[in-house]
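Structure, as structure tokens:
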Amino acid sequence: MKTLILNNYKLLSLLTILTFFTIIVGTAIANFFLLLSIITFLLIDNKNYIYFYKLDNFSKILALFFIYILITSFFAENEFYSLKKAFFYLKFFFFFIALKICIEKHVVFFDIFLKFILPIFLIVLLDGLFQSVFQFNLIGMINNTSRISGFFGDEWILGSFVFHVAPVALLSIFFYKNITNKIKNIFLVILISLSIIVIYISGERTIFFISIIYFFTITAIIFANKKLFILFFAIFVITIFALNPSGKNYRIFKSFNFNYPSKDGTVPTVFSTFTVYKDLYSTAFKMFLDKKLIGHGVQSFRIKCADKKFFTNRFGCSTHPHNYYFQVLAENGIIGFLIFLSIILFLTKDFVFIFLKWLKNKKDTKNLALMIILLNIIISFTPIIPTGNIYSSISGIFIFFKLALYVGLKLKRFN
């Protein structure tokens, strides 16, 4: 019976990882594997349902946020729309619990990732590099722009995908026991270097700048040996200059201005991307001021932003405000914002305590592993940076996969 349950958890591990990776194919396929993961978790053991109400402290705060957005959706002007969006968003909480328990109770997750998924991740990285050189990728997808999308085609999320997957890939190498530490360190340096370069050529500015902070910080933490860290730093700097950003005309280092067609069809007007975000944030803040307590409802920004009462200048309306904090303020009000903020503060407090514990014992592999995943999560929630839609499928998979990974590892007992 125990062997059967273990094999079923191996299947669950594979399904949750496929949820992460099938974003490459499309969100519909990713959502299919997400739902399949939840169903598999419930079928593995008929007692698994207890984990949905037997929660640790962090999961309780997370559950409170999900319950809150569901209840307040009944009071939204577009009640059915917001309620439907909030209801379907609940799948991420169930997915979070399933993956958290899978990691907490069983060891097989990182072995499966290393054997089956890490090679695919390396292909994604190499495909991006290949496309940057030849303007078409390994399956013949042509790209003539200064940005690289790889297998994602016309969706410019290659850099984001690499940034969110990288910590899982690093941990799979980190926990692998059948190679020496020297070989392991070489693999870690190669993977970090490839990730930074692919994020750079993807042209995603925000992801590139936060990835520099993330990778340099964890490299300094992982490699306490200063010589190795200096070697990595030298390799990185030489690589960036070898790419010659000014000559390659990559978007990362180009002007933050863009041309916008004029109404009369004559000379286009030049605008800054900062103007776009300022307009979007202003619209979101006006929505918050209109319904301060509970907001306008999940995914309501795309509907309400066109209202003359909220719309700000030329760029004040979009599918979302491009910032998690302004989106939660506008759509979930001050109560939802405080719950959301408490989640971020909880994680930040955890990181500080884990870092202090690691300073006392740098051989503690569990704390090192927790910092690798937790720092990636915290940086993703930097308040001042542009972000995606927090209620989208892609953001949901990225966020809750990593949260489950962190909490599962934190609760796991290591021998």
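Could you pull out every whole DSSP H run in the chain that spans at least 27 Å of Cα extent along its own axis and averages 1.6 or higher on the Kyte-Doolittle scale?
Numbers: long enough: 2-21 (28 Å, 1.11); 181-202 (31 Å, 1.82); 324-360 (43 Å, 1.40).
For the chain, where a helix must reach 27 Å along its axis and average at least 1.6, the hits are 181-202.
Across the chain, where is the longest run that never hits trypsin sites (Lys or Arg not before Pro) in a DSSP loop with at most 13 other C-beta atoms within 10 Å? Answer - 55-176.
Projected label points at LYS115 and PHE52, each 7 Å from Cα along the beta carbon direction, are separated by 3.1 nanometres.
Between LYS308 and PHE355, the simple spin-label model (points 7 angstrom out along Cα→Cβ) gives 5.0 nm.
A cut-off of 5 Å between modelled amide H atoms, ignoring neighbours fewer than 5 places along the same chain, links ILE148 with SER202, GLY203. Dipole magnitude for the chain: about 1120 debye, using +1 per Lys or Arg Cβ and -1 per Asp or Glu Cβ, origin at the Cα centre. Pairs with C-alpha atoms separated by more than 32 Å, drawn from the list LYS91/LYS366; LYS91/LYS292; LYS100/LYS291; LYS292/LYS349, are LYS100/LYS291.
Which residues in segment 112-141 place their backbone N less than 19 Å from a point set 7 Å from the Cα of PHE32 along the Cα-to-Cβ direction? In segment 112-141, the label zone of PHE32 (backbone N under 19 Å from the point 7 Å along Cα→Cβ) covers no residue.
THR180 to ILE212: FRET efficiency via 1/(1 + (r/R0)^6), r the Cβ-Cβ distance, R0 30 Å, to the nearest 0.05? Could the numbers behind the result be given before it?
Values: r = 29 Å, r/R0 = 0.97.
Computed FRET efficiency for THR180 and ILE212 comes out at 0.55.
Taking amide H positions as modeled 1.01 Å from N, with prolines and chain starts lacking one, the residues under 5 Å from PHE136 and 5 or more places away or on another chain are ASN143.
By the Cβ distance rule (another cysteine Cβ under 4.7 Å), the unpaired cysteines of the chain are CYS102. Extension gain, GLN135-LYS362: 0.36 nm per intervening residue step, less the Cα-Cα distance, totals 77.3 nm. Close amide H contacts of GLY295 (hydrogens built in the peptide plane, cut-off under 5 Å, sequence separation of 5 or more or a different chain): GLY333, ILE334.
Here, each number is a calculation from the coordinates, and none is a lab measurement. It should be emphasised that the depicted structure is a prediction, and the values quoted were computed from it without experimental measurement. With ideal geometry, Cβ positions are generated from the backbone for all residues, glycine too; neighbour counts draw on all protein chains shown.
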